[in-house]
Amino acid sequence: MLGGRRSSAGTSGATTLISRDTVVVGDLHFNGSLDVEGLVQGNIVAREGDESLVRVVDKGRVEGEIRSPCVLINGEVKGNVHAFRHLELAAKGRVQGNVFYSTLEMAAGSEVNGSLTHVVDSGGSGACNGSKPPTAEAQGSGGKAS
């Protein structure tokens, strides 16, 4: 999970950092890795066809939709999350919106206030670049891991 260990999900390309005291207003289109420690007020969209990863770290916030093959959340997201391959919700992860995932890993304490919808992964295995298989899958609507 995000809080305790470094995820083994890897990506190709550069890493972009939105640092703690930074506020980005507007949509972000990226490839590679995007680490959100500050606030993004807009949608985050990975470039199609890329191995991309969005990490919303502890105290990081996104007010908008996230669309990426791999998403790891240990902060707060107010908007829908589309993780086409793998979604990991760490213990402090909070999502207020609907979640669309191929594989899902939820730690105790994480929250989703919205629906959980499984989608078919069109890009291969559910894990991102050799990361370990998820330990839990969830389907249904609205829930809190406990």
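The values are calculated or read from the model by the stated rules, or taken from the named source; none is laboratory data. Being a predicted model, the structure only gives us computed values, none of them experimental. Don't worry about glycine lacking a Cβ; one is built from the backbone with ideal geometry, like all the others, and counts go over all protein chains shown.
A quick yes/no check of all residues on (1) farther than 18 Å from Val24 by Cα; (2) under 11 Å from the mean Cα position of the chain (by Cα); (3) without any contact (Cβ under 8 Å) to a residue 12 or more places away in the chain:
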{"residue": "Arg67", "(1), (2), (3)": "no, yes, no"}
{"residue": "Val77", "(1), (2), (3)": "no, yes, no"}
{"residue": "His86", "(1), (2), (3)": "yes, yes, no"}
{"residue": "Lys92", "(1), (2), (3)": "yes, no, no"}
{"residue": "Gln96", "(1), (2), (3)": "yes, no, no"}
{"residue": "Thr103", "(1), (2), (3)": "yes, no, no"}
{"residue": "Ser110", "(1), (2), (3)": "yes, no, no"}
{"residue": "Leu116", "(1), (2), (3)": "yes, no, no"}
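Restricting attention to segment 14-31, does a residue exist that is part of a loop (DSSP other than H, G, I, E, B), among the hydrophobic types (A, V, I, L, M, F, W, C), closer than 24 Å to Lys92 by Cα and touching an Asp or Glu at 6+ places or on another chain (Cβ under 9 Å)? Within segment 14-31, none of the residues are part of a loop (DSSP other than H, G, I, E, B), among the hydrophobic types (A, V, I, L, M, F, W, C), closer than 24 Å to Lys92 by Cα and touching an Asp or Glu at 6+ places or on another chain (Cβ under 9 Å). Counting just the residues of segment 1-29 that are surrounded by 18 or more Cβ atoms within 10 Å (Cβ to Cβ) and at pLDDT 95 or above, which one comes out nearest to Pro69 (Cα to Cα)? Only one residue fits best here, namely Leu28.
Which one of these does Glu48 not meet: (1) surrounded by 19 or more Cβ atoms within 10 Å (Cβ to Cβ); (2) closer than 22 Å to Ala14 by Cβ? If we test Glu48 against (1) surrounded by 19 or more Cβ atoms within 10 Å (Cβ to Cβ); (2) closer than 22 Å to Ala14 by Cβ, just (1) comes out false. For Val99, the requirement of being exposed (fewer than 15 other Cβ atoms within 10 Å of the Cβ), modelled with pLDDT of 55 or more and either in contact with a Gly (Cβ under 9 Å, 6 or more places away or on another chain) or not charged (D, E, K, R) (or both) is not met. Looking only at segment 60-89, which residues are among the hydrophobic types (A, V, I, L, M, F, W, C) and more than 20 Å from His118 (Cβ to Cβ)? Within segment 60-89, just Val62 meets the criteria.
In the set (1) touching a strand residue (DSSP E or B) at 6+ places or on another chain (Cβ under 6 Å); (2) at pLDDT 60 or above, Ala90 fails one condition alone, (1).
For segment 64-89, a residue qualifies if it is over 14 Å from Asp35 (Cβ atoms) and surrounded by fewer than 24 Cβ atoms within 10 Å (Cβ to Cβ), and the qualifying residues are Gly64, Glu65, Arg67, Glu76, Lys78, Gly79, Asn80, His82, Phe84.
For segment 21-65, a residue qualifies if it is among the basic types (Lys, Arg) and under 15 Å from Val77 (Cα atoms), and the qualifying residues are Arg55, Lys59, Arg61. Of the residues contained in segment 49-71, one or more are found to be within 22 Å of Asp121 (Cα to Cα), touching a Ser or Thr at 6+ places or on another chain (Cβ under 7 Å) and part of a loop (DSSP other than H, G, I, E, B).
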